[in-house]
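What follows is a set of notes on a single structure, which appears directly below.
The values are calculated or read from the model by the stated rules, or taken from the named source; none is laboratory data. Just so you know, these numbers come straight off a predicted model, no measurement behind them. Virtual Cβ from ideal backbone geometry, glycine too; neighbours counted across all protein chains shown.
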Amino acid sequence: MNFLRLRLSRLIFLLVAVMAILSLGLALWLFNAQLRDTLEQAQASRVTDLAQTVAGKASVRQALSGTRPTASAPRVASPLQAEIDALRKRLGIDFIVVMDRKAIRLTHPDPERIGRHFRGEDEGAALAGESYASRSVGTLGTSIRGFAPVRDADGEVIGAVAVGVTLASLGPLLAENRRDVMLGVALLMIVGALGASWLARYIKRVLLGLEPYQITRLVEERQAMLASIHEGILAVDREARITLVNPAARQMLVDAGLKPPAIGMRVADYLPGSGLPEVLASGHERLDHELSLNGHSVLANRLPIRHQDTVIGAIATFRDKSEVNALAEQLTGVSRYAEALRAATHEFKNKLHVMLGLAQMGDLNALRSYLRDLADHHVAPSTMLVQGIDDPVLAGFLLGKQSEARERDVSLQVEVESPIPAPREPALVHTLVTVLGNLLENAFDAVENRHECRVTLTLGYDESLLSVHVQDTGPGIDDAVRGRLFEPGVSTKGKRRGLGLAAVRTQVDNLGGSLAVYSEAGRGTLFEVELPYPLAE
């Protein structure tokens, strides 16, 4: 089985369970050793105290002052033996031995051993007058012994008392305590296993049910995705500290003259106008807002990051505004080209229908006359329309608008006061198409349903400056509307209109040009535009 592919819940459960078992096993071993030592120390204190108590009994002193027993003539039924043996049984002690100065036993649990020498080699200090505890091997096995001297009325040592318990007798007591500890350890192991299972499920839930190898793959995919995204991405945590910067954002910031951002620094200190702290505070997104990066304009989207309905951070995506403007200009130009081609196609289809009808009727004379009229009144004027305009895109666009004007029954007059050369930057043509397209579209709408439907476009070039005049015979613009004419959404044509002139204003301002409007009620409107127009070298 691949260890890395082991389910996270099982891995955590096994890890916690093994650690709990090892920890509790070690604790059990240490506790058992400590318990034995503590029990032996307690028994040592106990037998020492008992030895001192027995040594102080008058019957013991009296017995040691009298005749000593011998091994050949034991005093089996002596009063002292009976008294000590009864005391031993009552206290649960394995032996209480009273010995004289020569370590000859006067009492013993085994009467056969009375009158014999005490065994253990640890009684000397007691016969010298000390009280203590020791551990030694005697006739009953290894035992813990407490010694106390017996003194006469003059304080002279006349014998000693040894009280002891064998280690074999401590076994049941140790087993009883060990059983309680084992039950406690087993209970802790069960609790630990249940806790490990709960912890595994909790971590799995926090990680959205993902396994470690899945998280690794997601992180790798995330890094690749962030590196491939052309837009800059900057993320902060709930404390407004930077947590993520993708390569595109880092490059944009460096290009704007800022030092590369460091993870963990406050975004307000690095980029005061980022708007991310405000998004964190409000919890509301801010889309398509212009943001200044050290004087470099970008379009930014800022959104809160939520977890279980709680804002835990914010993220900003931004893109160079010049790139967005270029794309918008290209899109607008393509839309204008498509509209002009549609009108030209529609007009050409009508002519084809006429030619097809004349051919089917076999009226060749009428067909020749119609074709002659087309060449004289349409082809030649169209050629004249774009004469003096060197850029083919601009010329084609104006031809298309001419077709659209004829389709809408509008008279479009194009006057080229001076030759218009091709510009140095092709993007300038797209901008010019956007400006002309919006102005001509508004002019066509203005003269619609008027008695005189005429629109005049005047183009001129002088000293790197292109002038554009668009004049119509429409109803004019009210004074109340004229002051707000270039604001987005301001229009006299209804809702969802009023975007064209705003786009014209933006394009002209971006190029450093000028835009003016002159209008009088009942006398039409004139738009004057002047744009810098550098030529190709």
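Just a few scattered comments:
- Test result for G498, at pLDDT 85 or above, assigned by TED's automatic domain parsing to the domain that holds D391, buried (at least 17 other Cβ atoms within 10 Å of the Cβ) and part of a loop (DSSP other than H, G, I, E, B): no
- One residue stands out in the stretch 384-394 among those that are of a type outside the set (V, I, T) and under 21 Å from T431 (Cβ atoms): the one that is surrounded by the fewest Cβ atoms within 10 Å (Cβ to Cβ), namely P392.
- Being buried (at least 20 other Cβ atoms within 10 Å of the Cβ), touching a Lys or Arg at 6+ places or on another chain (Cβ under 7 Å) and closer than 20 Å to Q507 by Cα is not true of L432.
- Taken over the stretch 239-293, the criterion of being more than 19 Å from R319 (Cβ to Cβ), surrounded by 15 or more Cβ atoms within 10 Å (Cβ to Cβ) and basic (K, R) is satisfied by R241 alone.
- Condition met for H469 (exposed (fewer than 14 other Cβ atoms within 10 Å of the Cβ) and under 20 Å from T525 (Cα atoms)): no
- Test: residue in the stretch 284-292 that is at positive phi and of a type in the set (D, E): yes
- Selected residue [at pLDDT 85 or above, in the same structural domain as Q413 (by TED's automatic domain parsing), assigned to a loop (DSSP other than H, G, I, E, B) and of a type outside the set (S, T, Y)] from P475, P488: P475
- Summed over the stretch 474-486, residues that are touching a strand residue (DSSP E or B) at 6+ places or on another chain (Cβ under 8 Å) and either more than 15 Å from L439 (Cβ to Cβ) or surrounded by fewer than 13 Cβ atoms within 10 Å (Cβ to Cβ) (or both) total 2.
Each row is one residue, and each column tells you yes or no for (1) within 30 Å of the chain's Cα centre (by Cα); (2) surrounded by 13 or more Cβ atoms within 10 Å (Cβ to Cβ); (3) not in a loop (DSSP other than H, G, I, E, B).
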| site | (1), (2), (3) |
| --- | --- |
| V150 | no, yes, yes |
| A153 | no, no, no |
| G159 | no, yes, yes |
| G164 | no, yes, yes |
| V181 | no, yes, yes |
| I190 | no, no, yes |
| W198 | yes, no, yes |
| Y202 | yes, no, yes |
| L208 | yes, no, no |
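- Qualifying residues in the stretch 260-298 (those that are part of a strand (DSSP E or B) and of a type in the set (D, E, K, R)) - the one nearest to N510 (Cα to Cα): E290
- In the stretch 395-408, residue modelled with the lowest pLDDT [restricted to those that are surrounded by 21 or more Cβ atoms within 10 Å (Cβ to Cβ) and either outside the structural domain of L459 (by TED's automatic domain parsing) or hydrophobic (A, V, I, L, M, F, W, C) (or both)]: F397
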